[in-house]
Amino acid sequence: MCGIIGYIGAQKATPILINGLLRLEYRGYDSAGISTMEKNGLSVMKDKGRVKNLYDLDGINDLEGTIGIAHTRWATHGKPSKENSHPHLDNSKTFAVVHNGIIENYNDLRAFLIENGYTFYSQTDTEVIPNLIHYYYSKDAEKDEFKLLRAVQKTCKDLKGSFALQVLSKDLPDNMLVVRKDSPLVIGKGNGENYISSDIPAILSFTKDFYFLNDYEFAILSRDKIDFYDIDLNKITKKIKSIDWNASAADKNGYEDYMLKEIFEQPNAIRETIGSHLPENERCTFENLNFSKAFLQSINKIYIVACGTAMHAGLTGKIAIEQLCNIPVSVDIASEFRYRNPIIDKNTLCIYISQSGETADTIAALKLSKSKGATTLAISNVIGSSITREADYCIYTHAGPEIAVASTKAYTSQVMLLNILAIYFAEILESTPYSEIVKIKNEILSLPAKAETTLKCCNEIKNFAKNMYQEKDVFFLGRGVDYNTSLEASLKLKEISYIHSEAYAAGELKHGPIALIENGITVVSILTDELLVEKTISNIQEVITRGANTLVITNKTLPSNNIDKIVPIPDTHTSLSSILSIIPLQLLAYYISKEKGLDVDKPRNLAKSVTVE
Ligand code: G6P
């Protein structure tokens, strides 16, 4: 939700800022704007619409400033319009601010400021911030270099909600100030120049060295130094972290869309995620985990908590952990979990999955379980992200930067990592026969090659999509792990093709949804679980009898029995099968979206990283 970019250095800021915004556009794309420090004060250029529209704004090419802040918006308060776009200025035009997050008490603050003579020009929650900074700044009689820091600190103390802020002041023409609470912000350190971004990939081509701020930590950036302060304005030191992502990993590399590229990157993402966790003839290892048998035996319940696609990966993780470790696992949607007073104690292990590591609900759920005494383990794709700093333990998927809003390679990498984690637990607990563990490990190692094979269905799926793109409703069916994959496949289709779809556990069909099946409706089924194949085939026959068109993704040999299309995929262990069976369905969603002429990477109303509740 909303992307922010900042630059301070010797180069013209505008092209760097716009370039950064274009790379961050997956976070929000209804308006964009920049503010630069010009010789005659702060300039602000902004408008509704996509980032590229900034190139058409009058005078944008004349900006000379070498310090600037920028924003791409995902509207929360106030519809997309020029007035509501960021950056926002205070009434005296001394301060320019961009903000990601939500100020929950902005109505009270606005009323307070109006009482004190301030005027508002937008409907945003953000506009209170520059004015509140001005309020405190003008009341401070001191004239030292920390005056802005004090005003921003006081402002932050008044704000309820979440925020990542960049502040420019025309009184400090060689500095930029940033602070965060519950919204992402990274600082990239360059040589004689420094960068700010919501996410690492947007500035990866400039630097690989990053600082990560904790809640209520402030940074004052100059061209050649960065000073950090805590909430009481004590100077603090922060460690730099080097990120080993390749800058070109955040480019399209010849693919038409990021999503297609990321679908095809899956064999490698899975390979990288397996990494060195499965050494030959040895126990599975995780560098960051040192769980003892006694500790794991003390765990009587595991919660897996996440949002969206990550939650779907968790559903398959549940199957793997329950089967191999014999510990009950509940999977929860983070936004529900955090408000339903879950039963948690010191014998609970809570696993949080988040590609970005910045999803607000997932982080809040993690904080809740920590406060109740649980052990917390985060699974993330982004080193240094908020969730990895909050959790007791952290393990990583190595999918590389995922840019398309619809998640693909992060999902398959998460399912892979959860399976490896289940083996890690099972080996310590000695809860599964050794021979079975060896079998699964071998299967895991064969998965990258099997994913390559699965991708060969691409053209077949592309052709099938041509018959499907005008559909209004699509149903996905499966049982067991295949039901979990159905949920993810249905989400993919909704997200990028805007076709209504439902995923049902195939056995539930007769309890209601079959009433919706009529001539010509498409039903997609997934069949990989040996024990449940016969049952699902019966359900497919039931929908064929009622006139449905059927597509089946399977690793079994099926009688064709009037099925319209069967897409074969390689066989594998049940809890791993989602990694392969989702691939044709990711491609299906992709090609349907293309047939409809939609923007695959930036679907309407969605954002990659949901940093508000
Ligand atoms: C958004 C994205 C989804 C993602 C979900 C959770 O809705 O569009 O692709 O699955 O957030 O994101 P996370 O970064 O926590 O995995």
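The values are calculated or read from the model by the stated rules, or taken from the named source; none is laboratory data. These numbers come from a predicted model, not from an experiment. For neighbour counting, all protein chains shown are included, and Cβ atoms are generated from backbone atoms with ideal geometry for every residue, glycine included. Calculation scope for accessible area: heavy atoms of the full protein, side chains included, ligands and nucleic acids excluded. Shrake-Rupley method; radii C 1.70, N 1.55, O 1.52, S 1.80 Å.
Tabulated results
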| item | result |
| --- | --- |
| Members of the stretch 464-483 that are open to solvent by less than 40 Å² (accessible area, probe 1.4 Å), in a helix (DSSP H, G or I) and not β-branched (Val, Ile, Thr) | PHE464, ALA465, MET468, ASP482 |
| Filter result for LEU172 (touching a residue at least 12 places away in the same chain (Cβ under 8 Å), touching an Asp or Glu at 6+ places or on another chain (Cβ under 9 Å) and part of a loop (DSSP other than H, G, I, E, B)) | yes |
| Condition met for ILE351 (at pLDDT 95 or above, touching a Leu at 6+ places or on another chain (Cβ under 6 Å) and assigned to a strand (DSSP E or B)) | yes |
| Qualifying residue in the stretch 580-591 (condition: open to solvent by 20 Å² or more (accessible area, probe 1.4 Å) and either more than 28 Å from CYS307 (Cβ to Cβ) or in the same structural domain as LYS462 (by TED's automatic domain parsing) (or both)) | yes |
| Matching entry among THR14, THR36, THR124 (being touching a Gly at 6+ places or on another chain (Cβ under 7 Å), closer than 30 Å to ASP174 by Cβ, in a helix (DSSP H, G or I) and at pLDDT 90 or above) | THR14 |
| The stretch 1-30 - residue that is touching a Pro at 6+ places or on another chain (Cβ under 9 Å) and farther than 17 Å from LEU165 by Cα and, of those, surrounded by the fewest Cβ atoms within 10 Å (Cβ to Cβ) | ASP30 |
| From ASP345, ASP392, residue being surrounded by fewer than 24 Cβ atoms within 10 Å (Cβ to Cβ) and under 26 Å from PHE210 (Cα atoms) | ASP392 |
| The stretch 343-364 - residue that is closer than 14 Å to ILE333 by Cα and over 16 Å from the mean Cα position of the chain (by Cα) and, of those, farthest from the ligand (Cβ to nearest atom) | CYS350 |
| Which numbered condition ALA391 misses (of (1) within 14 Å of the ligand (Cβ to nearest atom); (2) in contact (Cβ under 8 Å) with a residue 40 or more places away in the chain) | (2) |
| Cβ-Cβ under 9 Å pairs, at least 6 apart or on other chains, the stretch 402-425 side more than 16 Å from SER578 (Cα to Cα), far side among the small types (Gly, Ala, Ser) and not in a helix (DSSP H, G or I) | GLU402/SER356; VAL405/ALA607; PHE425/SER431 |
| Residue among LYS157, LYS143, LYS181 that alone is in a helix (DSSP H, G or I) and basic (Lys, Arg) | LYS157 |
| Residue that is nearest to the chain's Cα centre (by Cα) [pool: residues in the stretch 153-179 that are open to solvent by less than 10 Å² (accessible area, probe 1.4 Å) and closer than 16 Å to LEU42 by Cβ] | LEU165 |
| Any chance ALA320 is touching a residue at least 40 places away in the same chain (Cβ under 8 Å), under 26 Å from LEU588 (Cα atoms) and outside the structural domain of PHE212 (by TED's automatic domain parsing) | no |
| Members of the stretch 460-496 found to be among the charged types (D, E, K, R), away from the ligand (no atom under 16 Å from the Cβ) and closer than 21 Å to ASP529 by Cβ, listed by number | ARG479, ASP482 |
| Any hit, the stretch 449-459, residues being within 16 Å of the ligand (Cβ to nearest atom), crowded, with 22+ Cβ neighbours inside 10 Å, within 29 Å of the chain's Cα centre (by Cα) and among the aliphatic types (A, V, I, L, M) | no |
| Candidates GLU542, GLU595, filtered to the one that is open to solvent by 30 Å² or more (accessible area, probe 1.4 Å), without any contact (Cβ under 8 Å) to a residue 40 or more places away in the chain and acidic (Asp, Glu) | GLU542 |
| Condition met for SER330 (farther than 22 Å from ASN484 by Cβ and more than 16 Å from the ligand (Cβ to nearest atom)) | no |
